[in-house]
1. In vacuum, with every alpha carbon of segment 675-715 counted as one equal point scatterer, what does the Debye formula give for log10 I(q)/I(0) at q = 0.17, 0.30, 0.35 Å⁻¹? Two decimals, please.
2. If you wrap a convex hull around the Cα atoms of segment 1-124, how much volume per residue is inside, in Å³?
3. Using only alpha-carbon positions, what ratio does the radius of gyration of segment 444-520 give when scaled by 2.2 N^0.38 Å?
4. Sticking with the crude label model, points 7 Å out along Cα→Cβ, report the distance from THR369 to ALA33 in nm, one decimal please.
5. Against the 2.2 N^0.38 Å scaling, with N counting residues, where does segment 325-451 land? I'd like the Cα-based Rg ratio to two decimal places.
6. Please report, for the Cα atoms of segment 530-577, the Rg to one decimal and the Dmax as a whole number; what are they, in angstrom?
7. Relative to the first principal axis of the alpha-carbon coordinates of the chain, what is the inclination of helix 566-583, with its axis defined by its Cα atoms, in degrees from 0 to 90 and to the nearest 10?
8. Using only the C-alpha atoms of segment 224-324, find the volume of their convex hull and express it per residue in Å³.
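Derivation of every value follows stated rules applied to the coordinates shown; laboratory data play no part. These figures come from a predicted structure and were not determined experimentally. We place every Cβ from the backbone using ideal geometry, glycine too, and count neighbours over all the protein chains shown.
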Amino acid sequence: MYLLAPVKIDKSANRVAVVEGNLDRYLESAEPAARRLDAAEPVRPGTSLSARQAVQLFEDMAASRLLDVAARELKRDGLSYYTISSAGHEKNAVVGALLREDDPCFLHYRSGGLMMARARRVGGETPVFDTLLSLTASKDDPASGGRHKVWGSRRLWVPPQTSTIASHLPKAVGAAFALSRARRMGVELPVSGDAIVCCSFGDASASHATALAGINSARYAFRGGRPTPVLFVCEDNRIGISVDTPSGWIRDRFSTMTNISYFDAAGAIDEVWDTVEAAIRHCRVTRGPVFLRLDCVRLWGHAGSDIETAYRSWEEICSIEAQDPLLVTARRLVELGVATPTELREILADTAARVRAGAREAAARPKLTTRAEIMAPLAPFDEDAVRAEVAQPVDPARRAVIFDGALPEEADSPQRKTLAAHLNAALCDELARRPEVMLFGEDVGKKGGVYGVTHSLQKRLGRARVFDTLLDETTILGVAQGAAQLGLLPIPEIQYLAYVHNAVDQLRGEACSLSFFSDGQFQNPMVVRIAGLAYQKGFGGHFHNDDSIGGLRDIPGLMIVTPARGDDGVRLLRGALATAKACGRVVVFLEPIALYHERDLYADGDKGWLFDYPGPGRGSSDALLPGEVGVYHADARDLVIFSYANGLRLSLRAARRLELEHGVRARVVDLRWLLPLPFEAIERHAAECGAVLVADECRRTGGGIAAELVAHLAERGYAGRLASACAADTYVPLGPAADVVLLSEDDIVQRALEVRA
């Protein structure tokens with residue numbers, strides 16, 4: 001402890017005031033060192049930390065601390081909306097001072113000192129005022145535009161994180177992985193060749209499955225010879241809200257791991273500096289993952305509303321307060337002759353005055369007030385830009401080499417092919433068209449996918465562009481996010497629809513929220529290929545026959561597109577990639593497994609579900625964009641059936657029966673785009689027909705699109721009758737029992753007759 005004398009516990013005292021008083025009393029009574037160091041002089045032999053740098057660290061630590069004080073005062077006055085502070089973690093400023101300005105940083109919410117020091121390194125920034133704008137939810141906040149309190153800056157290479165459970169670790173690993181992968185692909189990056197990625201998080205979060213997945217994937221990649229320069233900074237304060245992290249747990253758990261180097265930064269500020277400097281150097285030189293434990297304490301509870309005395313004794317609270325890093329650092333700087341007590345008091349006073357003035361100004365700045373401005377960065381779509389992307393040429397000579405002279409649109413045996421064959425060719429074309437595209441997932445490389453969709457692509461395009469990952473959906477989506485933020489265009493594959501639920505927060509909480517919480521400054525464009533839906537024969541059960549997309553349709557900003565036939569699949573994939581690239585969007589490309597190798601439509605052997613390959617270079621017909629639907633029997637007006645994927649084929653078969661057996665002529669519309677739904681086309685076709693039936697192959701309750709589509713038409717006063725036919729609300733069983741619960745051709749016919757009655 002660095003208090004001059006034991007302090008009587010005052011249980012009624014404001015703990016912020018107590019901590020500030022401890023520091024004030026020390027600085028008022030301390031004597032300066034006998035010798036004052038020159039600014040450029042190291043603070044002690046054997047360290048690179050100069051006296052000037054040490055004073056700057058104290059300034060940045062003080063700024064972080066006083067922002068935390070201001071947050072509580074503003075909250076007390078109803079002017080602030082966030083009080084989770086960095087108090088006790090301020091030594092992370094050392095990390096910010098030692099990293100380079102183009103080392104991407106994915107930061108923990110207690111990394112305030114790091115952010116202050118990083119801004120100082122870059123220069124020309126106003127991190128104190130920017131943080132105050134964020135605390136007060138002002139739309140002038142340069143990080144999120146008033147949408148959340150985040151650490152973020154485009155110029156500082158700090159993508160904002162809203163994570164509280166370390167769910168940002170997988171994408172930090174993805175960014176580190178992409179640093180070398182992009183160069184193998186010949187793609188220029190916006191950061192230096194020897195950049196590393198920093199990712200900070202708390203000790204409690206280190207036990208979360210997502211954090212462990214990120215650390216595991218970094219070790220896995222490095223073990224496999226793939227450079228993964230990520231610096232994991234665990235800010236260890238030994239408690240998560242009210243739950244203690246066992247003493248030594250972080251050190252014991254992570255120091256013995258293979259394929260990751262461990263560093264422990266504890267002690268005085270100069271000792272922390274030396275360890276952090278060594279950890280960063282090691283990461284940069286070896287290009288491998290590093291785990292850096294940063295010893296911290298947590299002051300003032302988890303947040304402003306946290307009553308710490310409910311789970312900590314007064315003696316424990318006072319002991320922790322005596323370890324205040326500002327107090328400890330002030331004592332060290334004075335003893336070493338880096339600064340005098342008076343100079344440190346002046347730094348605190350000047351910073352406090354600057355924070356107070358900034359707080360008044362920030363609180364007066366305007367807030368977001370309309371839905372339009374709040375949602376503006378959530379789901380951008382620029383049709384002209386997308387069409388320009390679609391028009392990007394594919395070099396004919398390169399195509400000829402990649403396809404070994406046998407272009408898919410010119411093949412003779414046969415020219416008309418299945419959905420799987422067309423998607424394979426389309427992926428090959430897009431990899432040839434866009435050097436920044438990379439395709440990866442479980443079994444996509446050597447095996448060519450479980451269903452052969454990626455067959456031979458690795459051989460044709462190389463291992464840098466098409467590669468296998470470990471069997472972890474969280475890692476797959478994390479790699480996609482990190483790579484996309486560095487300028488690549490990933491096509492990750494999730495092997496089955498049911499598997500995405502293992503990692504859906506990587507889409508919901510991370511990928512799709514990035515543009516929203518960064519006010520459009522950061523984006524992670526990608527097209528996530530997911531093999532899914534039901535009707536698969538011979539390899540069933542609910543994990544391989546998942547008939548629910550409700551968990552995906554719940555995600556704000558996500559787009560979902562699903563093809564039903566081969567030629568549509570090609571054009572939709574082009575549209576999805578062009579949309580992702582031009583607008584920074586996250587698109588799920590949902591591929592119906594049961595239609596991969598389907599050849600027939602009405603009868604065995606009719607080959608009615610085989611189609612020609614639409615080669616690139618056909619202008620506006622090259623791609624299908626959001627809102628563009630497929631229409632069959634356009635002159636029919638008795639009934640319109642809206643469907644998609646397997647449901648389209650079932651609906652076309654049902655429409656044929658309706659006309660032949662009942663004289664009812666049904667128009668069939670393939671929705672293609674399931675999020676957002678193509679409501680303009682839906683309204684137009686509904687208005688032209690006497691009744692509407694939604695043939696939704698997914699589960700009725702929240703599983704598919706039927707409820708939203710019917711509600712939309714009903715709320716807009718559709719004059720005809722409305723009905724839906726859906727799958728039962730159950731898991732899909734194995735074998736023939738699946739046919740009992742899935743949407744069938746008979747179901748569609750029956751409901752069509754009922755809605756027409």
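1. -0.45, -1.19, -1.33
2. Dividing the Cα hull volume of segment 1-124 by its residues yields 159 Å³.
3. Working: Rg = 13.7 Å, N = 77, 2.2 N^0.38 = 11.5 Å.
Normalised Rg, Cα atoms only: 1.20.
4. Taking the two extended label points, one gets 5.5 nm.
5. On the way: Rg = 30.7 Å, N = 127, 2.2 N^0.38 = 13.9 Å.
Against the compact-globule rule of thumb, the ratio is 2.22.
6. 12.8, 36
7. Helix 566-583 sits at roughly 30 degrees to that axis.
8. Values: hull volume 11.5 nm³, N = 101.
Hull volume over Cα atoms, normalised by residue count, gives 114 Å³.
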